[in-house]
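K.L.:
Before I ask anything, let me first share the structure, which is written out below as structure tokens.
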Amino acid sequence: MSGSTELFHRVRPLYDAYADCIDEERFEQWPEFFEDVCFYQITTREAYRKSLPIGIVQCNSKGMLIDRINSMKKANIFEPQRYRHLLGALHVESTDNGTIRARMGFGIVRTLESGDSMLFLSGVWHDEIVETPEGLRFREKIAVLDSGCVDTLIVVPV
Amino acid sequence: MSDVAVREQRIQWPEAGVSRVPFEIYTDEPLYEGEQDLLFKGPIWNFVGVDVEVPAIGDFKTNFVGDTPVVVVKSSADTYSAFVNRCAHRGSTLCYEKTGNRDAFTCVYHNWSYDLEGNLKTVAFHKGVRGKGGLPDDFRTCDHNLQKLRVQELCGLLFVSFDEAAPDLETFLGPKMVAHIRRIFSKKVRILGTFSQYMHNNWKLYMENVKDSYHASLLHTFFTTFKLNRLSMQGGLVLEGDGGHHISYSKMATDSGSGTDYESGSLRAQNDEFALHDDRILKSWPEFEDGITHAIQGIFPNLIVQQIQNSLALRLLIPRGVNGCELVWIMFGFESDTQEQTDIRVALSNLVGPAGLVSMEDGVIGSFVQRAIVGNQGRETVLEMGGRSVESQESRVSEASVRGFWQTYRKYMGL
């Protein structure tokens with residue numbers, strides 16, 4: 001077994017757990033997938049390629065991720081909705097500084113209480129992952145959406 | 001125009017005037033078609049882009065006027081041209097990219113080719129092949145140019161008009177609106193991000209929401225929780241002319257937070273116990289000398305200029321059929337910004353847009369109306385906050401600018 005295959009099998013469960021956390025609505029656990037100092041962004045393919053600094057969401061710390069979840073639970077008003085992440089191919093490589101670069105395609109089906117269900121988002125995560133005593137954590141996670149157009153709003157994390 | 005007659009039969013404006021709006025205004029298909037001709041292609045100016053989006057000669061951007069696809073292009077060192085994005089031959093889409101650069105606009109279907117001003121220059125096989133086929137001798141290329149639009153610019157903002165009867169752009173906007181645009185766009189713009197948001201409601205419901213300063217602290221609970229915008233802050237509503245354009249503004253630093261309903265804790269929006277784990281999304285610097293920290297400018301019919309602290313944006317609303325619309329966001333700063341200032345604008349951008357902590361509700365509230373008014377024909381909306389008239393007001397607990405929108409809308413639509 002090559003090193004990269006070993007790495008693949010070490011990283012893949014992180015993504016399964018990440019998607020499961022969101023899809024099963026354990027939102028308070030979502031920030032725990034990240035290091036304290038981290039970068040989380042939802043942006044568009046167009047903005048990512050042009051290196052434009054503003055996407056749709058940009059967080060620079062785990063605190064900001066916690067604030068997102070608190071805002072979703074306490075402040076924001078939106079229709080009840082659930083995600084189903086459809087995970088695509090995973091590409092991993094280790095870097096010289098010991099972190100892991102990973103890329104995975106995803107689709108998200110969003111279902112409203114009415115039963116209305118749609119392919120809400122598709123895209124690819126460009127991630128940097130680090131080994132910590134608690135396990136693998138995201139240092140950077142950039143969700144690059146294929147489309148620049150979002151239906152209605154994004155409140156549940158991607 | 002027969003469709004005007006049909007529309008007038010269908011929709012009767014209530015006798016109460018602009019303090020009432022018939023629900024059919026958001027659902028009527030013939031009215032939607034009428035809006036394309038009488039409003040968007042009428043004697044008004046439609047925002048299509050910023051000069052920095054098309055910096056070099058031949059740079060173009062595609063956009064929409066109402067739901068009509070258009071192209072705006074930098075056609076010489078100091079001129080811009082615009083035309084309908086449709087070949088004069090068979091009606092095929094001319095530019096199917098969002099942006100690009102062209103020496104000439106050549107239709108992919110039959111290679112009819114137009115210069116940067118939209119004039120037809122060459123027609124493939126116009127003399128036929130070996131003397132057979134080809135165009136009639138009396139075919140004149142100058143009769144088959146692209147459908148051209150007028151273009152006028154203000155501070156780098158590019159506007160187009162279908163109608164020769166439209167007054168000059170600055171006359172259309174009015175002095176107060178022009179002054180506000182000059183205030184924001186005083187330096188060279190740097191675009192920091194663009195995206196769009198599809199909403200399941202008639203476009204006018206979103207424009208009303210923008211002009212409705214009454215709802216801000218009630219629907220958007222994040223805002224009030226963090227004292228970003230309270231009605232008790234110094235501010236007001238400025239209406240221009242017949243009320244179609246407006247500015248709602250406030251000054252954050254002057255907020256005392258006392259002597260209002262907020263203190264009683266009776267409003268759902270209030271929650272002082274809520275603390276942020278990372279408050280850099282609240283950081284800002286005083287950018288404008290007049291001390292105004294929040295200013296939302298609505299340019300009739302479908303442009304918004306946003307200043308939320310240092311989060312600056314242009315929002316263009318594109319109608320997508322009677323039951324939908326797409327809001328295109330252009331987030332910007334200035335070329336002269338420091339890295340720290342850019343970082344502040346980026347952090348503040350978390351407050352706005354389709355995932356905006358403050359304003360995400362705007363993406364869905366229109367659809368709450370749109371789905372509820374089905375089957376309610378003959379009923380109407382109530383707009384009496386701040387009175388029943390249309391004028392500038394000191395209080396933002398007002399629907400005066402919403403009434404102003406309808407006053408202007410009725411004028412163009414003949415309703």
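The values are calculated or read from the model by the stated rules, or taken from the named source; none is laboratory data. These numbers were taken from a predicted model, which means no experiment stands behind them. Every residue, glycine among them, receives a Cβ derived from its backbone with ideal geometry; neighbour counts consider all protein chains shown. For accessibility, only protein heavy atoms count, side chains too; no ligands or nucleic acids. Shrake-Rupley method; radii C 1.70, N 1.55, O 1.52, S 1.80 Å.
K.L.:
Out of the range B:1-50, which residues are basic (Lys, Arg), modelled with pLDDT of 95 or more and assigned to a helix (DSSP H, G or I)?
P.N.:
none
K.L.:
Counting just the residues of the range B:198-212 that are aliphatic (A, V, I, L, M) and in contact with a strand residue (DSSP E or B) (Cβ under 6 Å, 6 or more places away or on another chain), which one comes out farthest from B:Ile296 (Cα to Cα)?
P.N.:
Per the stated criteria, the residue is B:Met199.
K.L.:
Need the failing condition index for A:Ser4 against (1) small (Gly, Ala, Ser); (2) surrounded by fewer than 19 Cβ atoms within 10 Å (Cβ to Cβ); (3) within 17 Å of A:Glu140 (Cβ to Cβ), just the number.
P.N.:
(3)
K.L.:
While we're looking at this one, here's another question. Which one of these is charged (D, E, K, R), assigned to a loop (DSSP other than H, G, I, E, B) and more than 8 Å from chain B (Cβ to nearest Cβ): A:Asp127, A:Asp96?
P.N.:
Within the list A:Asp127, A:Asp96, the selection yields A:Asp96.
K.L.:
Which residue out of A:Val11, A:Val109, A:Val37 is assigned to a strand (DSSP E or B) and either more than 14 Å from chain B (Cβ to nearest Cβ) or modelled with pLDDT under 95 (or both)?
P.N.:
A:Val109
K.L.:
Another question, if that's okay. Could you figure out which of (1) within 14 Å of another protein chain (Cβ to nearest Cβ); (2) part of a loop (DSSP other than H, G, I, E, B); (3) over 28 Å from B:Gly321 (Cβ atoms) isn't true of B:Leu192?
P.N.:
Here B:Leu192 meets the rest and fails (2).
K.L.:
Give the number of residues within the range B:283-301 that are open to solvent by less than 10 Å² (accessible area, probe 1.4 Å) and in a loop (DSSP other than H, G, I, E, B).
P.N.:
Count: 2.
K.L.:
Could you check A:Cys21 against (1) open to solvent by less than 40 Å² (accessible area, probe 1.4 Å); (2) in a helix (DSSP H, G or I); (3) within 14 Å of chain B (Cβ to nearest Cβ) and say which number it fails?
P.N.:
A:Cys21 satisfies every listed condition except (3).
K.L.:
Just one of the numbered conditions (1) of a type outside the set (S, T, N, Q); (2) open to solvent by 10 Å² or more (accessible area, probe 1.4 Å); (3) touching a helix residue (DSSP H, G or I) at 6+ places or on another chain (Cβ under 6 Å); (4) over 22 Å from B:Ile281 (Cα atoms) is not true of A:Phe27; which one?
P.N.:
So A:Phe27 meets the others, but not (4).
K.L.:
Look through the range B:326-346, keep the residues that are at the interface with another protein chain (Cβ under 7 Å from one of its Cβ atoms) and open to solvent by less than 20 Å² (accessible area, probe 1.4 Å), and return whichever of them is farthest from B:Met199 (Cα to Cα).
P.N.:
Going through the qualifying residues, I end up with B:Thr342.
K.L.:
Here's a follow-up. Looking for whichever is surrounded by fewer than 16 Cβ atoms within 10 Å (Cβ to Cβ), more than 30 Å from B:Gly366 (Cβ to Cβ) and under 16 Å from the mean Cα position of the chain (by Cα) here; the options are A:Arg12, A:Arg45. Which one fits?
P.N.:
Among A:Arg12, A:Arg45, only A:Arg12 is surrounded by fewer than 16 Cβ atoms within 10 Å (Cβ to Cβ), more than 30 Å from B:Gly366 (Cβ to Cβ) and under 16 Å from the mean Cα position of the chain (by Cα).
K.L.:
Give me the pairs, please: first residue somewhere in the range B:131-145 and surrounded by fewer than 11 Cβ atoms within 10 Å (Cβ to Cβ), second residue anywhere and at pLDDT 95 or above and assigned to a loop (DSSP other than H, G, I, E, B), beta-carbon distance under 8 Å, and either six or more positions apart or on two chains.
P.N.:
B:Cys142/B:Asn119
K.L.:
Take A:Tyr48 and decide whether it is within 13 Å of chain B (Cβ to nearest Cβ) and touching a residue at least 60 places away in the same chain (Cβ under 8 Å).
P.N.:
Yes; evaluated as a whole, the condition is true for this residue.
K.L.:
So how many residues does the range B:371-410 have that are over 25 Å from B:Arg315 (Cα atoms), in a loop (DSSP other than H, G, I, E, B) and among the β-branched types (Val, Ile, Thr)?
P.N.:
Counting residues in the range B:371-410 that are over 25 Å from B:Arg315 (Cα atoms), in a loop (DSSP other than H, G, I, E, B) and among the β-branched types (Val, Ile, Thr) gives 2.
K.L.:
Sticking with this structure for a sec: Name the one entry in A:Ile56, A:Ile77, A:Ile69 that is within 14 Å of chain B (Cβ to nearest Cβ), under 24 Å from B:Leu312 (Cβ atoms) and not basic (Lys, Arg).
P.N.:
That would be A:Ile56, the only listed residue that is within 14 Å of chain B (Cβ to nearest Cβ), under 24 Å from B:Leu312 (Cβ atoms) and not basic (Lys, Arg).
K.L.:
Moving on to the next point. Of all residues in the range A:96-113, how many are touching a residue at least 24 places away in the same chain (Cβ under 8 Å) and either open to solvent by 80 Å² or more (accessible area, probe 1.4 Å) or farther than 25 Å from B:Ser196 by Cα (or both)?
P.N.:
Residues that pass the stated criteria total 7.
K.L.:
Right, something else. Looking at (1) over 24 Å from the mean Cα position of the chain (by Cα); (2) of a type outside the set (Gly, Ala, Ser); (3) open to solvent by less than 20 Å² (accessible area, probe 1.4 Å), find the lone condition where B:Glu394 falls short.
P.N.:
(3)
K.L.:
Let me ask another. Starting from the range B:165-176, keep only residues that are without any contact (Cβ under 8 Å) to a residue 60 or more places away in the chain and surrounded by fewer than 17 Cβ atoms within 10 Å (Cβ to Cβ), then list their pairs with residues that are outside any helix (DSSP H, G or I) and of a type in the set (S, T, N, Q) whose Cβ atoms are within a distance under 9 Å, requiring at least 6 positions of separation or different chains.
P.N.:
B:Asp168/B:Gln152; B:Glu170/B:Gln152
K.L.:
Quick one: what pairs do we get from the range B:273-301, first residue within 14 Å of B:Leu357 (Cβ to Cβ) and within 14 Å of chain A (Cβ to nearest Cβ), second open to solvent by less than 40 Å² (accessible area, probe 1.4 Å) and acidic (Asp, Glu), C-beta under 7 Å, 6+ apart or different chains?
P.N.:
Matching pairs, first to second residue: B:Leu276/A:Asp67; B:His277/A:Asp67; B:Asp278/A:Asp67.
K.L.:
Of (1) in a loop (DSSP other than H, G, I, E, B); (2) open to solvent by less than 80 Å² (accessible area, probe 1.4 Å), A:Ser51 satisfies all except one. Which?
P.N.:
For A:Ser51, the exception is condition (2).
K.L.:
Anything in the range B:321-370 that is outside any helix (DSSP H, G or I), in contact (Cβ under 8 Å) with a residue 60 or more places away in the chain and more than 21 Å from the chain's Cα centre (by Cα)? List them, or say none.
P.N.:
Result: B:Glu335, B:Ser336, B:Asp337, B:Leu357.
K.L.:
Where residues in the range B:348-372 are open to solvent by 10 Å² or more (accessible area, probe 1.4 Å) and of a type in the set (A, V, I, L, M), which of them is farthest from B:Asp67 (Cα to Cα)?
P.N.:
B:Ala372
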